[in-house]
Amino acid sequence: MEVPTAIPAIEPVAEQPTESVPRPSIFKHPSASPPQLVTQGAEALLYRSTYLLPTLPCALKYRPSKPYRHPILDARLTKHRILSEARVLAKCRREGVPVPGVYALDESTGWLMIEWIEGEVVRIRLNEWLKRRKDAGIEEGVDDAELVGLMGRVGAAVGRMHAVGVVHGDLTTSNLMLRPFSKKTVNGDALAEDNILDGEIILIDFGLASQSMQDEDRAVDLYVLERAFGSTHPRAEGLFKEVLVAYGKSFKGAPVVLKKLEDVRMRGRKRSMLG
Amino acid sequence: MISIGLEGSANKLGVGIISHPLGKPALVLSNIRHTFVSPPGEGFLPKDTAKHHRSWVVRLVKQAMAEAGVKVSDVDCVCYTKGPGMGAPLQGVAIAARMLSLLWGKELVGVNHCVGHIEMGREITGAQNPVVLYVSGGNTQVIAYAEQRYRIFGEALDIAVGNCLDRFARTLRISNDPAPGYNIEQLAKKGKVLLDLPYAVKGMDCSFSGILASIDILAAELEANPQWKDPITGDTITTADLCFSLQETVYAMLVEITERAMAHVGSNQVLIVGGVGSNERLQEMMGLMARDRGGNVFATDERFCIDNGIMIAHAGLLAYETGFTTPLEESTCTQRFRTDEVFVKWRD
């Protein structure tokens with residue numbers, strides 16, 4: 001493995017003044033670099049730190065207790081989510097699904113330390129790509145091989161995860177990372193990135209994941225992703241079918257899941273009715 | 001411009017009159033409501049609810065006009081709830097709206113009930129571009145605005161949260177007056193013991209039917225064994241504890257999916273609308289969440305949270321001002337009418 005001399009600095013996010021509950025001791029551990037806040041997700045705060053060596057970057061996911069939740073419920077959910085996330089990540093890793101590796105955890109104080117993934121989430125890249133095209137005046141459906149390629153890689157990655165018996169539970173374009181393919185170099189200079197949708201799909205944030213082989217759960221997973229696509233990137237919604245096409249080829253049981261997805265969609269539509 | 005709004009998608013019949021003075025905030029001229037209350041242990045049936053609406057609508061319109069102090073000639077359009085909701089009550093109110101439109105010679109405007117809630121909430125609270133949690137007896141949706149539509153980020157996959165609460169109130173046979181959810185809230189204030197219930201969040205969606213089944217089972221156990229004690233604290237478990245556990249669990253789920261949507265769209269404002277939105281515990285929990293995200297929560301009181309005519313008048317008038325009308329031949333109503341079907345011409 002290529003070990004960088006020091007991890008590159010990142011732009012830390014200003015931390016919100018949060019609860020008075022003391023931080024777990026991992027935050028002051030002498031062998032780890034001081035954690036820098038990268039993003040505040042819904043449930044967890046994501047920090048960047050190092051693991052064992054000052055040159056090995058890692059992501060530290062901390063689930064602070066939620067003051068709005070009853071303490072018993074809060075403890076139950078935090079413990080369950082940290083443990084199930086770690087179990088699922090370990091399983092995916094073992095089976096070759098592209099996810100970050102697990103380094104360490106403590107479920108009672110609510111943190112999980114995992115591999116640091118370079119790159120950006122699909123949501124940002126896709127929005128940037130759509131914006132560039134809009135500015136350039138390119139119409140939808142024209143010359144979109146890059147996006148079709150990305151959708152195909154998303155479908156294949158989700159399919160691989162489902163094939164090993166894991167459902168994600170919160171598939172959105174914020175939970176798909178694009179890790180740059182190993183940089184091609186010409187005369188020692190990195191090639192300028194001309195396709196921002198290039199890169200390997202890494203699935204992240206398994207906080208709501210569970211182990212399941214059921215077509216129903218898999219179909220709900222796809223439905224959640226489909227809806228997230230539609231609501232987050234309305235202009236790319238038309239190409240979501242490419243995700244499903246690639247998904248359909250990704251493992252043996254996939255066509256059955258796609259059939260089930262039609263049922264789940266019908267159920268979703270009923271929602272505007274009185275229960 | 002002035003409009004009158006008629007709402008009757010569920011058990012409340014509401015009539016409201018609103019004025020949009022040029023360049024100033026909207027002015028509520030009158031906002032009255034009459035609720036069909038079913039006996040304890042029962043829900044409201046479409047047939048009886050429609051009958052209630054039919055027999056009250058003329059009285060309410062007259063009263064609203066008198067209270068507002070406006071003449072028929074001042075009114076610019078008649079707005080009514082096109083959907084979603086229960087079929088029979090919707091039809092009754094749509095007929096009343098058509099009648100007023102023909103009688104007064106005014107244009108009709110069909111309004112989406114959910115959009116009515118959102119627009120009224122925005123108008124009253126002044127929230128600019130919030131993530132909206134719309135929670136009521138028939139709907140549970142997390143909504144954010146993007147490109148001329150209110151897009152649904154998350155929703156209940158089976159029954160609505162309010163329906164879960166209403167049906168548990170029926171199990172306990174507690175009063176439906178003024179609202180079953182209100183009485184559960186009052187009981188829950190006396191509860192202490194948190195019982196284990198399923199916690200069903202799937203991404204930004206959630207599910208309540210399993211929770212209802214579980215709490216119904218616990219209620220049956222309690223009825224069979226009134227001396228039931230909490231194994232840890234030794235406290236006797238009461239129906240108040242059941243209400244408390246139910247509220248704590250389902251509201252934690254709602255706050256969680258709202259927070260997830262906020263993180264996803266990068267917003268720190270949240271607006272709660274719909275009947276369940278008048279629950280103070282939900283508002284408190286949402287406030288704690290929003291505070292930790294450096295944002296704030298906007299909520300309205302029961303006048304605007306619970307179904308009302310003024311929100312229909314307001315959302316209808318917003319559409320009418322952009323040139324939208326519903327021709328008489330198309331003035332139908334529909335039980336299924338998704339929030340994201342409406343083209344929101346009045347926002348940037």
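Please specify each residue of the range B:234-286 satisfying the condition of being within 15 Å of B:Y134 (Cβ to Cβ), among the small types (G, A, S) and within 13 Å of chain A (Cβ to nearest Cβ).
Of everything in the range B:234-286, those that are within 15 Å of B:Y134 (Cβ to Cβ), among the small types (G, A, S) and within 13 Å of chain A (Cβ to nearest Cβ) turn out to be B:A261, B:G274, B:G275.
Please go through the range A:51-79 and give me each residue that is closer than 21 Å to B:D196 by Cα and either open to solvent by 30 Å² or more (accessible area, probe 1.4 Å) or over 24 Å from the mean Cα position of the chain (by Cα) (or both), ordered by number.
A:S65, A:P67, A:Y68, A:R69, A:H70, A:P71, A:I72, A:L73, A:A75, A:R76, A:K79
Taking the stated definitions as given, is B:G110 surrounded by 23 or more Cβ atoms within 10 Å (Cβ to Cβ) and assigned by TED's automatic domain parsing to the domain that holds B:A299?
No; evaluated as a whole, the condition is false for this residue.
Would you point out the residue of the range A:23-50, among those that are out of contact with any helix residue (DSSP H, G or I) (no Cβ under 9 Å at 6 or more places or on another chain) and at pLDDT below 75, that is surrounded by the fewest Cβ atoms within 10 Å (Cβ to Cβ)?
Once the filter is applied, the top-ranked residue is A:P30.
Take the residues in the range B:27-85 that are over 21 Å from the mean Cα position of the chain (by Cα) and small (G, A, S), then tell me which one is least open to solvent (accessible area, probe 1.4 Å).
B:A64
Give A:T109, A:T78 a once-over and let me know the one that is assigned by TED's automatic domain parsing to the domain that holds A:Q40 and out of contact with any strand residue (DSSP E or B) (no Cβ under 9 Å at 6 or more places or on another chain).
A:T78
Inside the range B:227-275, can you point out the residues that are part of a strand (DSSP E or B) and open to solvent by less than 50 Å² (accessible area, probe 1.4 Å)?
B:Q269, B:V270, B:L271, B:I272, B:V273
Checking B:T326 against (1) farther than 18 Å from B:T125 by Cα; (2) outside the structural domain of B:L6 (by TED's automatic domain parsing): exactly one of these is not met. Which one?
(2)
Here are B:S38, B:S3, B:S73: which of them is farther than 22 Å from B:G116 by Cα and touching a residue at least 24 places away in the same chain (Cβ under 8 Å)?
Checking each option against the conditions leaves just B:S38.
Testing B:Y182 on (1) of a type outside the set (G, A, S); (2) within 30 Å of A:L171 (Cα to Cα); (3) open to solvent by 70 Å² or more (accessible area, probe 1.4 Å), one condition comes back false. Which one is that?
Every condition holds for B:Y182 apart from (2).
Which residue pairs have Cβ atoms under 7 Å apart, sit 6 or more places apart or on different chains, and have a first residue in the range B:323-335 that is within 14 Å of chain A (Cβ to nearest Cβ) and under 19 Å from B:P89 (Cβ atoms) and a second that is in a helix (DSSP H, G or I) and open to solvent by less than 50 Å² (accessible area, probe 1.4 Å)?
B:C333/B:L90; B:C333/B:A94; B:Q335/B:G87
Of (1) more than 18 Å from the chain's Cα centre (by Cα); (2) under 20 Å from B:K12 (Cβ atoms), B:W104 satisfies all except one. Which?
(2)
Taking the conditions exactly as written (open to solvent by 20 Å² or more (accessible area, probe 1.4 Å) and outside any helix (DSSP H, G or I)), does B:T326 satisfy them or not?
Against the criterion (open to solvent by 20 Å² or more (accessible area, probe 1.4 Å) and outside any helix (DSSP H, G or I)), B:T326 does not qualify.
From the list B:L6, B:L103, exactly one residue is more than 27 Å from B:R122 (Cα to Cα) and either open to solvent by 10 Å² or more (accessible area, probe 1.4 Å) or not assigned by TED's automatic domain parsing to the domain that holds B:G181 (or both). Which is it?
B:L103
Does A:L83 satisfy the condition of being under 23 Å from B:M262 (Cα atoms), at pLDDT 85 or above, open to solvent by less than 90 Å² (accessible area, probe 1.4 Å) and not small (G, A, S)?
No.
Give me the helices (runs of 4 or more DSSP H) completely within the range B:37-136, filtered to those with at least 2 residues that are polar (S, T, N, Q), ordered by residue number.
Because the criterion is at least 2 residues that are polar (S, T, N, Q), the helices (runs of 4 or more DSSP H) in the range B:37-136 that meet it are B:46-68, B:87-104.
Residues of the range B:162-172 being over 16 Å from the mean Cα position of the chain (by Cα) and facing chain A (nearest Cβ under 9 Å), which ones?
Once the filter is applied, which keeps residues that are over 16 Å from the mean Cα position of the chain (by Cα) and facing chain A (nearest Cβ under 9 Å), the range B:162-172 yields only B:R167.
State whether the residues of the range A:231-244 include one that is within 14 Å of another protein chain (Cβ to nearest Cβ), among the small types (G, A, S), surrounded by fewer than 19 Cβ atoms within 10 Å (Cβ to Cβ) and touching a Lys or Arg at 6+ places or on another chain (Cβ under 8 Å).
Looking through the range A:231-244, none of the residues is within 14 Å of another protein chain (Cβ to nearest Cβ), among the small types (G, A, S), surrounded by fewer than 19 Cβ atoms within 10 Å (Cβ to Cβ) and touching a Lys or Arg at 6+ places or on another chain (Cβ under 8 Å).
If I filter the range B:290-313 down to residues being within 14 Å of chain A (Cβ to nearest Cβ) and closer than 26 Å to A:K66 by Cα, which single residue comes out as least open to solvent (accessible area, probe 1.4 Å)?
B:A290
Would you please name the residue that is most open to solvent (accessible area, probe 1.4 Å), looking only at residues in the range B:196-226 that are within 12 Å of chain A (Cβ to nearest Cβ), within 20 Å of A:R267 (Cα to Cα) and more than 22 Å from the chain's Cα centre (by Cα)?
Among them, the one singled out is B:K202.
Which ones in the range B:297-323 are under 13 Å from the mean Cα position of the chain (by Cα) and either farther than 21 Å from B:G85 by Cα or in a loop (DSSP other than H, G, I, E, B) (or both)?
Selection gives B:A299, B:T300, B:D301, B:I306, B:D307, B:N308.
Specify which of the listed residues (A:D170, A:D135, A:D144) is acidic (D, E) and under 30 Å from A:L73 (Cα atoms).
A:D170
Output the residues belonging to the range B:60-100 that are among the charged types (D, E, K, R) and away from every other protein chain (no Cβ under 14 Å).
Matches in the range B:60-100: B:K62, B:E67, B:K71, B:D74, B:D76, B:R98.
Do you know which residues across the range B:144-161 are within 9 Å of chain A (Cβ to nearest Cβ) and assigned to a strand (DSSP E or B)?
Result: B:A144, B:A146, B:R149, B:R151, B:I152, B:F153, B:G154, B:E155, B:A156.
Results for (1) over 19 Å from B:S278 (Cα atoms); (2) modelled with pLDDT of 95 or more; (3) among the basic types (K, R); (4) not assigned by TED's automatic domain parsing to the domain that holds B:G234, shown as yes or no for each residue.
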{"residue": "B:D166", "(1), (2), (3), (4)": "no, yes, no, no"}
{"residue": "B:A179", "(1), (2), (3), (4)": "no, no, no, no"}
{"residue": "B:Y182", "(1), (2), (3), (4)": "no, yes, no, no"}
{"residue": "B:L187", "(1), (2), (3), (4)": "no, yes, no, no"}
{"residue": "B:P198", "(1), (2), (3), (4)": "yes, yes, no, no"}
{"residue": "B:V201", "(1), (2), (3), (4)": "yes, no, no, no"}
{"residue": "B:S207", "(1), (2), (3), (4)": "yes, no, no, no"}
{"residue": "B:I215", "(1), (2), (3), (4)": "yes, yes, no, no"}
{"residue": "B:A220", "(1), (2), (3), (4)": "yes, yes, no, no"}
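Quick one: is A:L105 at pLDDT 90 or above, part of a strand (DSSP E or B), open to solvent by 30 Å² or more (accessible area, probe 1.4 Å) and in contact with a helix residue (DSSP H, G or I) (Cβ under 6 Å, 6 or more places away or on another chain)?
It is true that A:L105 is at pLDDT 90 or above, part of a strand (DSSP E or B), open to solvent by 30 Å² or more (accessible area, probe 1.4 Å) and in contact with a helix residue (DSSP H, G or I) (Cβ under 6 Å, 6 or more places away or on another chain).
Taking A:E193 as meeting all but one of (1) open to solvent by 20 Å² or more (accessible area, probe 1.4 Å); (2) modelled with pLDDT of 90 or more, write down the number of the exception.
(2)
The values are calculated or read from the model by the stated rules, or taken from the named source; none is laboratory data. Being a predicted model, the structure only gives us computed values, none of them experimental. No Cβ is skipped: glycine too gets one built from the backbone with ideal geometry, and neighbour counts run over all protein chains shown. Remember, those area values only see protein heavy atoms, side chains included, never the ligands or the DNA or RNA. Shrake-Rupley method; radii C 1.70, N 1.55, O 1.52, S 1.80 Å.
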